[in-house]
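To start, the structure under review is shown below, and the notes come after it.
The values are calculated or read from the model by the stated rules, or taken from the named source; none is laboratory data. Everything quoted here is computed from the prediction, not taken from an experiment. Please note: Cβ atoms are built from the backbone with ideal geometry, for glycine as well, and neighbour counts cover all protein chains shown.
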Amino acid sequence: MPYRTARLAETIKEELADIIQKELKDPRVGFATITKAEVSGDLRYAKVFVSVYGSPEEGLETLSVLEGAQGYVRGMLGRRLRLRYVPEIVFKLDTAIGHGVKVSRLLDELKKEGTQIE
C-alpha cells in the first residue's frame, strides 16, 4: 500500500472513531471501536472495520445505524480532513475480537479441566 494511501487510511480511522464517539448521538450505537480502515488505490472508497462490544445483534444494529448515518459521517469527515473528494465509506463488522474472546474462554475451560496445553 502506498504511503499516502496508508496515511489517509490511518487518519480516516482516527477521525471516524472521534466522530462516532463525540458527534453521533444515536443511542443504538453500541460500544463501537474502529479497528481498521482500508482505502482503495484511487482513494474513492474506504472500507472501515468496526468492532462492537456486545451481542451479535447489537453489532448488526450498530452497523445499521452507521450505514444510515453515512452521509452525516462523510460530511463531518470532509470538513475535518479538508479533502477535495471524501471516500465513500463502507462499514464492515469486525468479529476478530469476539473470536479471540471465545478462544480465550475455551483455553481457560481446558486449563480448569487439567488438560495439558502446549
| note | Sole miss for Tyr45 among (1) surrounded by 12 or more Cβ atoms within 10 Å (Cβ to Cβ); (2) free of Cβ contacts under 8 Å to residues at least 12 places away in the same chain is condition (2)
| Residues that are in contact (Cβ under 8 Å) with a residue 40 or more places away in the chain and within 15 Å of Gly75 (Cα to Cα), drawn from the range 19-42 | Ile19, Ile20, Glu23, Leu24
| Would you pick out the residues in the range 5-17 that are touching a residue at least 60 places away in the same chain (Cβ under 8 Å) and within 16 Å of Phe91 (Cβ to Cβ)? | Ile12, Glu15, Leu16
| query | Across the range 84-94, what is the total count of residues that are touching a residue at least 24 places away in the same chain (Cβ under 8 Å) and either more than 17 Å from Lys36 (Cα to Cα) or assigned to a loop (DSSP other than H, G, I, E, B) (or both)? | reply | 3
| said: Go through the range 36-83 and report how many residues are among the hydrophobic types (A, V, I, L, M, F, W, C), out of contact with any strand residue (DSSP E or B) (no Cβ under 8 Å at 6 or more places or on another chain) and not in a helix (DSSP H, G or I). | reply: 3
| query | So which residues in the range 95-118 are among the aliphatic types (A, V, I, L, M) and free of Cβ contacts under 8 Å to residues at least 12 places away in the same chain, if there are any at all? | reply | Val101, Val103, Leu106, Leu107, Leu110, Ile117
| query | Name the residues in the range 43-60 that are modelled with pLDDT of 90 or more and of a type outside the set (Ser, Thr, Tyr), would you? | reply | Arg44, Ala46, Lys47, Val48, Phe49, Val50
| Restricting attention to the range 53-83, which residues are loosely packed, with under 13 Cβ neighbours inside 10 Å, charged (D, E, K, R) and closer than 15 Å to Ala32 by Cα? | Glu57, Glu67
| said: among the basic types (Lys, Arg) and either within 16 Å of the chain's Cα centre (by Cα) or surrounded by 11 or more Cβ atoms within 10 Å (Cβ to Cβ) (or both): is that true of Lys25 in this structure? | reply: no
